[in-house]
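**Student:** One structure follows; several queries about it will come next.
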Amino acid sequence: MLKISRTKVGLFLECPRCFYLDKKLGIARPGIPSFTLNNAVDTLLKKEFDLLRKNGEAHALMKKYKINAVPFKHPKLPAWRGDINRFEGAQALHRPTDILLGGIIDDIWQDTKGKLIIVDYKATSTTREISLEDKYKKGYKKQMEVYQWIFRKMGFEVSDMGYFVFANAGKNRPSFDGRLEFELSIIPHRGDSSWIEPTLYKIKECLSKETIPPYSEECEHCRFYRLIRGKETKH
Ligand code: SF4
């Protein structure tokens, strides 16, 4: 069985070569520092929705956006959220490729028909209108669709409609005073996870090969590496 995380699926979509180097040859990209402020927002939002989850109450934000749902209660939710082990999360086996696809979710709501709604928290600070269309947010949609696919594979009825809860830190204040104020908003996304199964087959095929996939011309990192190699060879 091959364990693949949602993040590695994203890496494969971005560049099969980097994915191959990581998953097959164990050469991962240099890491980046964790987004501690974003993690703090996630932690507090989880606590906020958990308070309502206990009593099956809807959040004011759900009411504002007319979302007929409540935070979903399930004994495995802490594990799916990575609260117990941040490398576990929710997992589902794709039998034809023997790939165990896993992902750490932020939250799940349940609508009045019992369908699960995947929810992801995002922290930002922008004066522009928040949209999922800009370059760096395209991955958010794929992220949501992987989670929808995993929970369907786990046997749950999952709505195509998922929600991003954005916490947008305001900068329009005279001073910091030791606190940030966030405006919360919800951005809906109707997911289509039909791309996932074909991608799992491609991942399996990629890793079955002995040759490293080609680098992407657009990528500055490999370009940088090739420039160095070129100089080294010359000298
Ligand atoms: S092209 Fe970029 S993303 Fe692909 S392997 Fe090279 S560094 Fe990684």
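The values are calculated or read from the model by the stated rules, or taken from the named source; none is laboratory data. As the structure is a prediction and not an experimental result, all values here were calculated from the model. Cβ coordinates were reconstructed from backbone atoms using ideal geometry, including for glycine residues, and neighbour counts include every protein chain displayed. Each accessible area value is taken on the protein alone, full model and side chains, heavy atoms only, with ligands, DNA and RNA left out. Shrake-Rupley method; radii C 1.70, N 1.55, O 1.52, S 1.80 Å.
**Student:** Looking at (1) over 30 Å from residue 202 (Cα atoms); (2) surrounded by 15 or more Cβ atoms within 10 Å (Cβ to Cβ), can you tell me which one residue 78 breaks?
**Tutor:** All conditions pass for residue 78, except number (2).
**Student:** Another one. If I filter segment 1-18 down to residues being under 22 Å from residue 107 (Cα atoms) and within 16 Å of the ligand (Cβ to nearest atom), which single residue comes out as least open to solvent (accessible area, probe 1.4 Å)?
**Tutor:** Here the residue is 9.
**Student:** Being out of contact with any His (no Cβ under 9 Å at 6 or more places or on another chain) and either without any contact (Cβ under 8 Å) to a residue 24 or more places away in the chain or in a helix (DSSP H, G or I) (or both) is the filter here, so list the residues in segment 150-171 that pass it.
**Tutor:** Once the filter is applied, which keeps residues that are out of contact with any His (no Cβ under 9 Å at 6 or more places or on another chain) and either without any contact (Cβ under 8 Å) to a residue 24 or more places away in the chain or in a helix (DSSP H, G or I) (or both), segment 150-171 yields 150, 151, 152, 155.
**Student:** A further question on this structure: So, of the residues in segment 186-235 that are away from the ligand (no atom under 16 Å from the Cβ) and part of a loop (DSSP other than H, G, I, E, B), which turns out to be nearest to residue 129 (Cα to Cα)?
**Tutor:** From segment 186-235, those away from the ligand (no atom under 16 Å from the Cβ) are 186-201, 204-205, 208, 210, 231-235; that's our starting set.
Restricting the remaining residues to those that are part of a loop (DSSP other than H, G, I, E, B) gives 191-192, 210, 235.
Details: 191: 21, 192: 24, 210: 46, 235: 51 Å.
So, considering only residues that are away from the ligand (no atom under 16 Å from the Cβ) and part of a loop (DSSP other than H, G, I, E, B), the one nearest to residue 129 (Cα to Cα) is 191.
**Student:** Still on this model: Could you run through segment 19-45 and say how many residues are within 12 Å of the ligand (Cβ to nearest atom), touching a residue at least 40 places away in the same chain (Cβ under 8 Å), open to solvent by less than 70 Å² (accessible area, probe 1.4 Å) and hydrophobic (A, V, I, L, M, F, W, C)?
**Tutor:** Result for segment 19-45: 2.
**Student:** If a residue must be of a type in the set (A, V, I, L, M, F, W, C) and under 21 Å from residue 76 (Cα atoms), how many such residues does segment 155-176 contain?
**Tutor:** The initial filter retains those residues of segment 155-176 that are of a type in the set (A, V, I, L, M, F, W, C), namely 156, 158, 161, 164-167, 169, 176.
Still in the list and also under 21 Å from residue 76 (Cα atoms): 156, 158.
Here the count works out to 2.
**Student:** Tell me, which helices (runs of 4 or more DSSP H) lie completely within segment 1-77 with 1 or more residues that are within 26 Å of residue 166 (Cβ to Cβ) and out of contact with any Cys (no Cβ under 6 Å at 6 or more places or on another chain)? Lay out the reasoning, then the answer.
**Tutor:** Details: elements: 6-14, 16-23, 36-55, 60-64.
Output list reads 6-14, 36-55, 60-64.
**Student:** Go through segment 186-235 residue by residue and tally those that are within 28 Å of residue 147 (Cβ to Cβ), exposed (fewer than 12 other Cβ atoms within 10 Å of the Cβ) and over 22 Å from the mean Cα position of the chain (by Cα).
**Tutor:** 3
**Student:** Please determine whether any residue of segment 124-136 is modelled with pLDDT under 95, under 17 Å from the mean Cα position of the chain (by Cα), open to solvent by less than 60 Å² (accessible area, probe 1.4 Å) and of a type in the set (D, E, K, R).
**Tutor:** yes
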